[in-house]
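So the structure is just underneath, and the comments pick up after that.
The values are calculated or read from the model by the stated rules, or taken from the named source; none is laboratory data. Just so you know, these numbers come straight off a predicted model, no measurement behind them. We place every Cβ from the backbone using ideal geometry, glycine too, and count neighbours over all the protein chains shown. Surface accessibility is based on the protein's heavy atoms, side chains included, excluding ligands, DNA and RNA. Shrake-Rupley method; radii C 1.70, N 1.55, O 1.52, S 1.80 Å.
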Amino acid sequence: MQLGASCALLGLLFVAAFDSTECLQTVVRPDKGSMVTISTALLLDQCAVCTVSGVNDTLTSCHSSLDLVPEEEVKLLFNCSQPIEQAFTVTIARIIECTKDACSPTKVETQPSILTEFSRTFTWELKAPEKTFVSLDIVGDGLMETSQPCPDGSQYSLTTSKTNTEGRTQYCRGGSQTRLDAPNAAVVSLQVKPKAPVESQLFSAGPLQGRTMVVTVDSSTTVVVSRDPEEPECEVCSVDGAVRDCSPTEKTLTNVENLSLEFSCVKPQDVYSVKMKKKIECTQSSCTPAAGKIDPDYFKDFKRSVTWGISVPERTVLALDFPGGLEEMSGAEKCQDGHQYSVSTAKSEGNIKTNSYCKGGTVSHHLDLPGATTVTAEVPKGSEVDSFTVKAAPRGGRMMSVMPDPDTIITISRLTSEPDCTVCMNKESKQICDPKHLTLNNPSNTSVEFTCPQPQDVFTVEIERNIDCTEASCSGNIVQAETLLFPDFNRTFTWYLKVVSTRAFQLDFPEPGMRQIPNEETCPDEHTYSIFAYLRTGQAIIGTFCKGGTVTTILARYKGRISLQVPGNRKLYPVDFKLNVGPETSMAAIVKVNLPRGLSDTDFLTANYPGDFPDNGQMQWDFTVPGMHNYTVHFRDHTAPECLSNEVEVEYQKGNKKVTKLTLTDSQPQHAQGNFNMVLRNCETNSTLQGLTLNYRVSVMRTGHPVLCAVDLKERQGVSLQIEKVGSDPFCEMSVNSKVEKKINVAAGTQASLAFLDCPNEDVRLTASKVIGCQNRTSCSATQLTVPKLDSCLPMPLHSFTWHLRIPQDSTVDLVSPTGSLKRSLPGQECNQSVSLHVVEGDGFPVGDFCVNGMIQKVQVHANVSVTATVPDFSKIREPFLNVSISQEIPETIINRVSPVASSPNLLATPNWPLGMRPSSTVSWIVIVPSQYEAHVQFVNLTQPKCKDRHTSITVKMLGDEEEMMSRREDEQAEDKLTVPRSFYLNMSNCIPEEGHFGAMTNIVLQKKSYLLPILLGIAGALLLLLIVLAVVCFIKKKQKKDKMAKEASIYIGKGNIFRPSDTHFSKTRSDNDSHVYDSIDEGRIYGHLLPDSSYADSMPDHFDGGQVDTYNTFTGPTDPGLPVIKEPDYEPELDGFKMFLDPSESFLPSRPRTPIDRQDSLGFQDRRMLDNALYTFKSTGDMNTIRLSGVDMEPQPPTILEDSF
C-alpha cells in the first residue's frame, strides 16, 4: 500500500503537465564493483527516476540521470509521459584489472535480474600493464562478427578504447570465434533489449603472454626482424643465457645458434616482417651453395623478403634455374599470389638493371646474367620460398651471321667502356677484333662474334646506304624491306642522298604524312626520323619528324641524308618514302604541308632549331588550306640576329598574287583563306651573337556555311525520313532543330529544320519510308508502290525507299510486278539491273531480293511486309515498283506463282537463302508448265536441320491431283531429280530446329514431251487395221469370183482379144493392161438408181445425155487408140514443216486440235446435213451442224486456276 500510495502521489505531480503517465516502482541493489547508471533523454518534467526513502516512503528525490551505489539497496520510482521501457536506459559498468600474470575478476559476470524492464548495456573496461593484451575466453556459444543487429536482441561489441569508436567491432552469438584479444583500455560491451535474458557468466579473463621462438642463423645469412611503425608496439628480445637484449623496432641476427627470440605481443607476425640476406659465392665453374633456398618453416608465418647476393669473378656468367618458371612483369605490376621475384644485375657503368618476375611463367631456366647479381623473393605469410639453382661458367660470347645489302655499310660502335667486350669479324686465324668499332661493307656472308653474352647493351649499329641520283631519277627506293639484322640492338638507318648541284632531292611521304618535333625529342613509336642538308655554310638539320602529320613533301638542295633511329627489341616499321629528283631551287629546303580540316594547331620549326638558321639561307613552306577554312600564323618564339648585310624577311604569297614582305615583329596573317607560301630569308649575321631562330604555329578553323532545309511531311501521309553519316569525315556536322545529331529521324506527319555543315553528299545517306495499312480486308484497296516527291532542299540524293505494308491478321499481301514478272536474285541467277527490291517480313525476316522480268508472276506473303527499293537515281524512275493488293488468308507463309522459261534453268530458293527458313514456316510454289512440256525438278542444294519439334517436309503434287508425287521428311532420303509432266505444286515446310537450318535451292528445267511411244502404237494399230481390211477385201473378192463363175456369159469385143466364158487367164494382168483406165465416167448412169428425183439427171451436161435403149450394146473399146492417163502432181513436202511422223492432231486418234481448223475438216466429226446413203449427199443447204464421231478425248488440259484457289 505504501508503494502504491507513493506511485499515486508522484503521479499527481505529473498529471498537471501530461494527460497520462506511466509509473514503475522497484527495489535495486547493484553487485559489488558494478556502476549502475539510469538515464533518460527527456526533460525532468516529462520523465524522471526518483529515489524513495524516509518513514513511510515519504521522501522522494527525482532526477533525469541517477548513479547507484554498489552493494546498497535503493527503492526507485519511475514516472514518464512516454512508455517507460523506451524512455530509460541502464548502463552497468565494471572494470577488469589485469597484471602480467592474472586478471581480476577472472570470471566476467553479469547481474541478470537487475532492471530487466529496460534496455541495458553491460560494459567491461580492461586495465592491464602497457603492451599487455587480455584474453577473454567466451563461455557458451562462440561469436561471429557482424554489422547487423542480432536477432536474439543481444549485441556484443569490442572497442580498442573509450575514445576510439571507429575501431569498434560488433558480434552476435552463434559463431566460431571463442576468444577475444584486447589491449589495455579496451572496452567490451553487451547491449540487450528489455526483458531479454542474460547469462550470468560471459567470459573468463586472463593476460596474454608474448610469443617465444628459437632460431639459428648461419654465418652466410643475416636476418633482420623489423616492426612496421604503423603497427601497435611490440618489443622483441633476444635471450642468450642470462643476457637479454630488447628492442621495440628491429633486431638483427647473424651467426647464432638456438637463440631464444621473445616477442611481447601475442601475434608478432602481424607487427613484424623479416628480411633475410644470404650470400652465394661463385668461381668460374661452380657456386657455393649451389642453390638459393631456405628452411621452409623459417619464420613461415611472417611476411618475408629473402635476398641472395651472388658474387662472381670477371668474365663469368651466371645461369639461374627456376624449376617452377617465371613470368616477367613491368615495374608497376604486382603478382596476384604475392610471390614476386626481382633480379638485379650490376652493369659496368654502375647502373643496376632490375627485372621483376612472377611465379609460373615461360622463363624456366638459364636466366643468363653477365656479372654480380642479386635475387630477391617477396614471400607472403604462410607461403614457402621456391628454391632455384645457380651455375657459373666463363662468360661466353655471341656469334651471328651478317650479310650486308649491296651499297650498304654496317658500322658497329661501342657505347660504354664496361663490361669488357670486343667485336670480331671472321673466324679463327683470319679473325679481326676491335674493342671499339667494326665496319662491314662486303655484301657477302660474314661471321660476327661478340665476347660478351649481351652485346646489345654495349654496342650500337648504324646501317648506311648511298643513293646517287641523275638529273632524271634516283637509283633506288629510300627504304628497303624490313631487315632482320641486329634486331635487339639500338639501330640507326642512314641514307645518303646526292643529286645534281643545281637540283633538289624530293622526299614524298605517304598518308598520313609526317609531324615535326623538336630535335631533342623522340617519337612515341620510337621511330624518329631526321633530315639533314649539306649547305655551303655547313650541315643543317631540316627537322626531326614522326609518323602521322601534315608534312607531305620535303625538298632539300644538292646533298643530304635521312636517318631513322630505332631502339633495340623494337620491330622496324619504316615509312615508305618515295625519292625523286626535284626542280632547281635556291632554297635550303622546301616543306609542303596539307593542313587538316576542322580546328587544328600545327607547329613548325626552322632549320637547326633551337640552333641558328644558316646565314643568307632561305627556307620555304607551301601550305594547302582546305576549303571554307581560315588560317592564322602566329610566331610563338623567335630570336632576331644582328645583320651585317641585308635584313631578315618573311614573305607571303598566294598563287600568282603580289608578294607580301613582313618582319619578325610585324603582325602575321590572321583569318585568311586560300593556299599560301611562306618564305623565311636570313641575312648575313654576326656569328658571335645569337642567330635567327623561329618557332611558329599555323591555326586553322572552319568558315563554312551550313546547308539549310525545312522538311514538311504533314502532306505526305505515312512518309518518314532517315539521314545518317556514313563517311569518315569527322567534320561533317548534321543538326535537326538546332541540335547536332549523328543520325536524324523525321517522323511521319512532322516538320523539321535540318542543317548540314561541311557534309559531302557521299558522306551522308538519305533513306525514306512509308507505312501503308488498313484495318480489315474489305477496306484494303489495291495500290502501287511509288516514291513520293521529297523536299527539293535536301542536298543529298535518296539512297533507298521502304514501304511498310500493314495488313489485317486474316489477310495476305499480293506482290505483282507492273512489268508482268519478278526475278529472284540467287547465285547463278543474279539480278544485273539497277533496280533492286529487298523484301522482308514485318519483323525483318528476309523473303528475298528481287528485280523485274523473271519467271515469278506473283508473290503472296501471309504477314506484314516491308519492301525496300534501291535505285542509283530515283529521279529517273517514273513507273511504280510493285502492284500491291490484299487477298484472303492463305495456309502457307509464302506462295510464289512461277512460270518457268524453257530456254534456261529456273532457280527457286527458300526465303532467307542461303540461311535457313523461319521455324514452323511454309513456302509453296505453283509452277505452271506449258502443255507440250514437262518439268525436270532437281534439288541442287538442300540442307536439313536436326528437328526439336515436328519435321521438315518437301512435297510435290500435280495440280488437280490428290496423290502426291513426292513427300519427304528431314530423316528420309529425298530424290535428287524428279520429272513432272504438267503444272504442279512444290511445298516446303520447316520444323522447330534444335540445330542447323532448313534451306533448299531447286532447279527447274522445261523440256518438250516425247511422242515416240504414241506414234509407234498408232503405226502398229494402223498396220493391224490394214491387215484386217486386206483380209476382208480378199474374202469379198473370193466370194465375187465364185458368184461370177456361177453366172458365165459371152462378151463380144469388136477390137481386142477374144476370150472364153469362165476363162480366167488373161494375157495381161490388171496392173499391166489398161482395162482400168477410163476416158470419162457417167456418174449419173452408175448411181442413177440411187436418185429418186430425175431433176438431178436433167441438170447434167449434154455430152452425158445419151439415148435410153432397152437392148445391150456391145462395148467396142475406145475410139482413140491412145488411152488417157491421169497424171497427178508430185508431192512436194513443205521444207519448213516437214515431219517424219504425223502430228498427233492429224493422226487417227487425235488429241485436242491445237490449230484453228474447221470442225468439218476433222476426222472426228460428220455434218448432220449429209444423207445416210452411198453418196453422202446433202439433204439441205443450211448451216453446218456437226456431230462427234470419234470417242477419243483430247489430251488432258490443266484445270483452270482461279485466284481463289490460292
- Message: Can you say whether residue 769 is small (Gly, Ala, Ser) and either open to solvent by 30 Å² or more (accessible area, probe 1.4 Å) or without any contact (Cβ under 8 Å) to a residue 40 or more places away in the chain (or both), as far as the supplied structure shows?
- Response: no
- Note on the structure: Reported set for the range 917-950 where residues are assigned to a strand (DSSP E or B), touching a Phe, Trp or Tyr at 6+ places or on another chain (Cβ under 8 Å) and within 24 Å of residue 857 (Cα to Cα) is 924, 925, 926, 927, 935
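What residue, of 238, 247, is surrounded by 17 or more Cβ atoms within 10 Å (Cβ to Cβ), of a type in the set (Ser, Thr, Tyr) and closer than 22 Å to residue 221 by Cα?
Working: 247 fails: surrounded by 17 or more Cβ atoms within 10 Å (Cβ to Cβ).
One residue alone meets the criteria, 238.
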- What's the number of the condition residue 192 fails, among (1) closer than 30 Å to residue 114 by Cβ; (2) open to solvent by less than 50 Å² (accessible area, probe 1.4 Å); (3) out of contact with any Leu (no Cβ under 9 Å at 6 or more places or on another chain); (4) modelled with pLDDT under 90? (4)
- Members of the range 530-555 that are hydroxyl-bearing (Ser, Thr, Tyr) and closer than 25 Å to residue 699 by Cβ: 544, 550, 552, 553
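Is it the case, given these coordinates, that residue 200 is open to solvent by 50 Å² or more (accessible area, probe 1.4 Å), under 30 Å from residue 86 (Cα atoms) and among the hydroxyl-bearing types (Ser, Thr, Tyr)? Working first, answer last.
Details: open to solvent by 50 Å² or more (accessible area, probe 1.4 Å): yes; under 30 Å from residue 86 (Cα atoms): yes; among the hydroxyl-bearing types (Ser, Thr, Tyr): yes.
When the stated conditions are applied, residue 200 passes them.
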- Considering 84, 138, 95, 114, which residue is surrounded by fewer than 16 Cβ atoms within 10 Å (Cβ to Cβ) and of a type in the set (A, V, I, L, M, F, W, C)? 95
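Which ones in the range 606-625 are open to solvent by less than 20 Å² (accessible area, probe 1.4 Å) and either in contact with a Pro (Cβ under 7 Å, 6 or more places away or on another chain) or more than 23 Å from residue 640 (Cβ to Cβ) (or both)? Let's see the steps before the verdict.
In the first step, residues of the range 606-625 are kept if they are open to solvent by less than 20 Å² (accessible area, probe 1.4 Å); the result is 606-607, 613-614, 617, 619, 621, 623, 625.
Answer for the range 606-625, where residues must be open to solvent by less than 20 Å² (accessible area, probe 1.4 Å) and either in contact with a Pro (Cβ under 7 Å, 6 or more places away or on another chain) or more than 23 Å from residue 640 (Cβ to Cβ) (or both): 607, 623, 625.
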- Cβ-Cβ under 8 Å pairs, at least 6 apart or on other chains, the range 320-338 side on the phi > 0 side of the Ramachandran plot and touching a residue at least 24 places away in the same chain (Cβ under 8 Å), far side open to solvent by less than 50 Å² (accessible area, probe 1.4 Å) and assigned to a loop (DSSP other than H, G, I, E, B): 325/361; 325/364; 338/380; 338/383
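Would you pick out the residues in the range 394-444 that are in a loop (DSSP other than H, G, I, E, B), within 22 Å of residue 371 (Cβ to Cβ) and open to solvent by less than 80 Å² (accessible area, probe 1.4 Å)? Reasoning before the result, please.
Here is the first cut: in the range 394-444, the ones in a loop (DSSP other than H, G, I, E, B) are 395-397, 403-407, 415-422, 426-427, 431, 435-436, 441-444.
The next check asks that each one be within 22 Å of residue 371 (Cβ to Cβ); those that pass are 395-397, 415-422, 435-436.
Scanning the range 394-444 gives 395, 396, 397, 416, 419, 420, 421, 422, 435.
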- Message: I need the full set of residues from the range 517-553 which are more than 22 Å from residue 572 (Cα to Cα) and among the charged types (D, E, K, R), in order please.
- Response: 536
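Identify, please: which residue in the range 688-712 is assigned to a loop (DSSP other than H, G, I, E, B) and modelled with pLDDT of 90 or more and is, among those, most open to solvent (accessible area, probe 1.4 Å)? Talk me through it step by step, then tell me what you get.
Restricting attention to the range 688-712, the residues satisfying the condition of being assigned to a loop (DSSP other than H, G, I, E, B) are 688-692, 703-706.
Then drop every residue that is not modelled with pLDDT of 90 or more, which leaves 688-692.
Details: 688: 113, 689: 81, 690: 97, 691: 4, 692: 1 Å².
So, considering only residues that are assigned to a loop (DSSP other than H, G, I, E, B) and modelled with pLDDT of 90 or more, the one most open to solvent (accessible area, probe 1.4 Å) is 688.
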- Note on the structure: Here the qualifying pairs (Cβ atoms under 8 Å; residues six or more apart or on different chains; first in the range 652-672 and under 21 Å from residue 691 (Cβ atoms) and aliphatic (A, V, I, L, M); second open to solvent by less than 60 Å² (accessible area, probe 1.4 Å) and not in a strand (DSSP E or B)) come out as 662/668; 664/648
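So for the range 909-917 (the condition being over 17 Å from residue 1001 (Cα atoms) and either surrounded by fewer than 20 Cβ atoms within 10 Å (Cβ to Cβ) or small (Gly, Ala, Ser) (or both)), does at least one residue qualify?
The first filter runs over the range 909-917 and keeps only residues over 17 Å from residue 1001 (Cα atoms), leaving none.
No, the range 909-917 contains no residue that is over 17 Å from residue 1001 (Cα atoms) and either surrounded by fewer than 20 Cβ atoms within 10 Å (Cβ to Cβ) or small (Gly, Ala, Ser) (or both).
So which residues in the range 210-228 are within 30 Å of residue 96 (Cβ to Cβ) and either in a strand (DSSP E or B) or out of contact with any Phe, Trp or Tyr (no Cβ under 9 Å at 6 or more places or on another chain) (or both), if there are any at all?
In the first step, residues of the range 210-228 are kept if they are within 30 Å of residue 96 (Cβ to Cβ); the result is 210-213, 227-228.
Selection gives 211, 212, 213, 227.
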- Give the residues of the range 16-67 that are without any contact (Cβ under 8 Å) to a residue 12 or more places away in the chain and acidic (Asp, Glu), sorted by residue number. 19
- Message: Of everything in the range 274-298, what is part of a loop (DSSP other than H, G, I, E, B) and buried (at least 17 other Cβ atoms within 10 Å of the Cβ)? Give them in sequence order.
- Response: 294, 298
- Go through 472, 533 for me and flag whichever is surrounded by 21 or more Cβ atoms within 10 Å (Cβ to Cβ) and either assigned to a loop (DSSP other than H, G, I, E, B) or more than 44 Å from the chain's Cα centre (by Cα) (or both). 533
- Task: Consider only pairs whose beta carbons are under 6 Å apart and that are at least six residues apart or on different chains; among these, list those whose first residue lies in the range 375-387 and is within 15 Å of residue 360 (Cα to Cα) and assigned to a loop (DSSP other than H, G, I, E, B) and whose second residue is β-branched (Val, Ile, Thr) and open to solvent by less than 50 Å² (accessible area, probe 1.4 Å).
- Result: 385/294; 385/306; 385/379
- Task: Test residue 1007 against the criterion of being modelled with pLDDT under 90, in contact with a His (Cβ under 8 Å, 6 or more places away or on another chain), surrounded by fewer than 19 Cβ atoms within 10 Å (Cβ to Cβ) and not aliphatic (A, V, I, L, M), and give yes or no.
- Result: yes
